[in-house]
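Encoded as structure tokens, here's the structure I'll be asking about.
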């Protein structure tokens, strides 16, 4: 069984993610310790919080170079959740313009409320997933996932593995590019369908040569 | 399409879940972790847990309680009760909470909403407003467990809260709390037009019919109830099956059990199946869902 590390950067509902992995039979380490992170086979970057604060915290813990080495150079799989996914992009306009990890070309922009559209986009929504996406294997097409966000990811089509309709917005619900996986929704809070999706990621990690 | 959420509101007193009646009388229900375990299996969409003793005792909701509950909760969990600082919010989120529910502090210290939103994002900050009707048909918002009058209308308070960066508003009717006489539609409508934030309605649900009337009358984002969920087996699953008949695209039905082929009475309660169909069901094979 591969070693999974949940990156603790002072943000995010790390405990919720650890609880979900525990149910799936994994004992994930919640850590910001560089040695422990280097020894892990795959990472989860959870997120509940504000973009700028998250980047500042990653910087303060000197995690940016470490993540670059492990994820981009060594190619270890990583799963970003919600804010964790948004951090993969180049920039975000949440409370000013901020630079992200820049692993995926694109940006994070605000959803604009109007008379019929309430923001944040909170609640259970259905998604349209790409047929060949390993994350959504064995998950029925009408499954729902839990979203809670005010900003959304805009990027090239080739990175997107699932979309979601909210009012007039066609939101990026999930990303996949090489060893980078991410969802805007919270699989750890989407009951059995979310747990199945996490299982699919863990299965990918188990079969991944590294 | 975004679904209407069905939210269970758990009131905690002396460490256990209680039934609350008019913010005054309380009856014991049971252990929070057991309640959450059941609700999670019955396909509830979200859980809000508030410790109503905490503020009065000068502490915040117990992070250890949140930890125990979060282990069984694979839907979003909001927690509230006596939260006064960003450090407390940090501890609660690290214990497994997904959102923070503020009430009295949102009124007396609105900067806590701002600070909370800056560190944890707006989507993390839920503000609940307790409201009571006046004799002239207007409404006023109350704090301190329904005891202190803010002299503001709930709509005015909601506008201020949105300015501070809150992500959701929950409106609870003190008059209807635990009295099972249906949601206060006029009160809920007065808040819908006040902000662009998602609105959660609470207070007065007796049965699925009350929830249907709420959805017919106004465009709330979520239906919350307390007591209804505690006293009926599979309460969440049954309410969803009933509501999905009237609002087919608006209810999430991912749960394992399913009541869609049952008949309902006029209040939305399930009607017993005929003996023959019950006999047939005895031999139906239901494989366990593998994750």
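Derivation of every value follows stated rules applied to the coordinates shown; laboratory data play no part. Quantities reported herein were computed from a predicted structural model and do not represent experimental measurements. Quick reminder, even Gly has a Cβ in these numbers, built from the backbone with ideal geometry, and neighbours come from all protein chains shown.
Give me the distance in nm between label points sitting 7 Å out from Cα along the Cα-to-Cβ direction at residue B:53 and residue A:39, one decimal.
Label at residue B:53, label at residue A:39, 4.2 nm between them.
Let me ask you something else. Compute the FRET efficiency between residue A:97 and residue B:216 as 1/(1 + (r/R0)^6), taking r as their Cβ-Cβ distance and R0 = 51 Å, and round to the nearest 0.05.
FRET efficiency, residue A:97 to residue B:216: 0.70.
Using DSSP, restrict attention to beta bridges with both residues in the range B:1-146 and report what percent are antiparallel, rounded to the nearest 5.
Values: 12 of 28 bridges.
DSSP beta bridges in the range B:1-146 are roughly 45 percent antiparallel.
Moving on. Counting partner chain Cβ atoms within 10 Å of every residue's Cβ in A:188-201, what's the average?
Numbers: counts 4, 7, 5, 13, 9, 4, 4, 3, 3, 1, 1, 2, 0, 0.
Other-chain Cβ atoms within 10 Å of each residue's Cβ, averaged: 4.
On alpha-carbon atoms, Rg over Rh for the protein assembly as shown using Kirkwood Rh?
Values: Rg = 22.1 Å, Rh = 23.1 Å.
Over the Cα atoms of the protein assembly as shown, Rg/Rh equals 0.96.
What whole number of Å gives the distance from the Cα centroid of the range B:64-81 to the Cα centroid of the range A:112-190?
24
Tell me, what are the semi-axes, in whole angstrom and largest first, of the equivalent ellipsoid of chain A as set by the roots of 5 times the Cα gyration tensor eigenvalues? Present the calculation step by step, with values, prior to reporting the outcome.
On the way: eigenvalues 120, 85, 47 Å².
For chain A, the ellipsoid semi-axes come out as 25, 21, 15 Å.
How would the range A:134-184 be classified by its alpha-carbon gyration tensor: rounded, prolate or oblate, with rounded meaning a/c under 1.5 and the a/b versus b/c comparison settling the rest?
On the way: a/c = 1.76, a/b = 1.10, b/c = 1.59.
Taking the square roots of the gyration eigenvalues as a ≥ b ≥ c, the range A:134-184 is oblate.
Suppose R0 equals 51 Å. What FRET efficiency, 1/(1 + (r/R0)^6) with r the Cβ-Cβ distance, do residue B:266 and residue B:90 give to the nearest 0.05? Mind showing how you got there, number by number?
Values: r = 48 Å, r/R0 = 0.95.
FRET efficiency, residue B:266 to residue B:90: 0.60.
Can I ask one more? Compute the angle between helix B:154-163 and the longest alpha-carbon principal axis of chain B, please, reported from 0 to 90 degrees and rounded to the nearest 10.
80
How big is the gap, in Å, between the Cα center of the range B:113-132 and the Cα center of the range B:204-229?
Taking the Cα centre of the range B:204-229 as reference, the centre of the range B:113-132 is 23 Å away.
If the viscosity is 1.567 mPa s and the temperature 4 °C, what translational diffusion coefficient in µm²/s does Stokes-Einstein give for the range B:5-281 when Rh comes from Kirkwood over Cα pairs?
Working: Rh = 19.0 Å.
The estimated diffusion coefficient comes to 68 µm²/s.
Label the range A:7-89 by shape, choosing from rounded, prolate and oblate, from the square roots a ≥ b ≥ c of the eigenvalues of the Cα gyration tensor; if a/c is under 1.5 it is rounded, and otherwise prolate applies when a/b is larger than b/c, oblate when it is not. Mind dumping the intermediate values first?
Details: a/c = 1.56, a/b = 1.11, b/c = 1.41.
The shape class here is oblate.
Hey, another quick one. Within 10 Å of each Cβ of B:246-256, how many other protein chain Cβ atoms are there on average? The partial results should precede the final answer.
Details: counts 0, 0, 0, 1, 0, 2, 12, 2, 12, 2, 2.
Going residue by residue through B:246-256 and averaging, the value is 3.
Average partner chain C-beta neighbours within 10 Å, per residue of B:69-78?
Mean partner-chain Cβ count within 10 Å for B:69-78: 5.
Taking every DSSP beta bridge that has both residues in the protein assembly as shown, what percent is antiparallel when rounded to the nearest 5? Could the numbers behind the result be given before it?
Numbers: 40 of 87 bridges.
In the protein assembly as shown, DSSP labels about 45 percent of beta bridges as antiparallel.
Can you tell me what percent of all Cα-Cα pairs in the range B:135-215 are more than 19 Å apart? Can you show the working numbers first?
Details: 1207 of 3240 pairs.
Looking at the range B:135-215, the distances longer than 19 Å represent 37 percent of pairs.
I'd like the orientation of helix B:208-217 relative to chain B: the angle between its Cα long axis and the longest Cα principal axis, in ° from 0 to 90, rounded to 10.
Approximately 60 degrees, to the nearest ten.
Å³ per residue of the Cα convex hull, for the range A:100-188? Kindly include the intermediate steps, with their values, before the conclusion.
Details: hull volume 9.3 nm³, N = 89.
Looking at the range A:100-188, the number lands at 105 Å³ per residue.
Oh, and also: Which angle from 0 to 90°, rounded to the nearest 10, does the C-alpha axis of helix B:32-41 make with the longest principal axis of chain B?
Roughly 50 degrees, rounded to the nearest 10.
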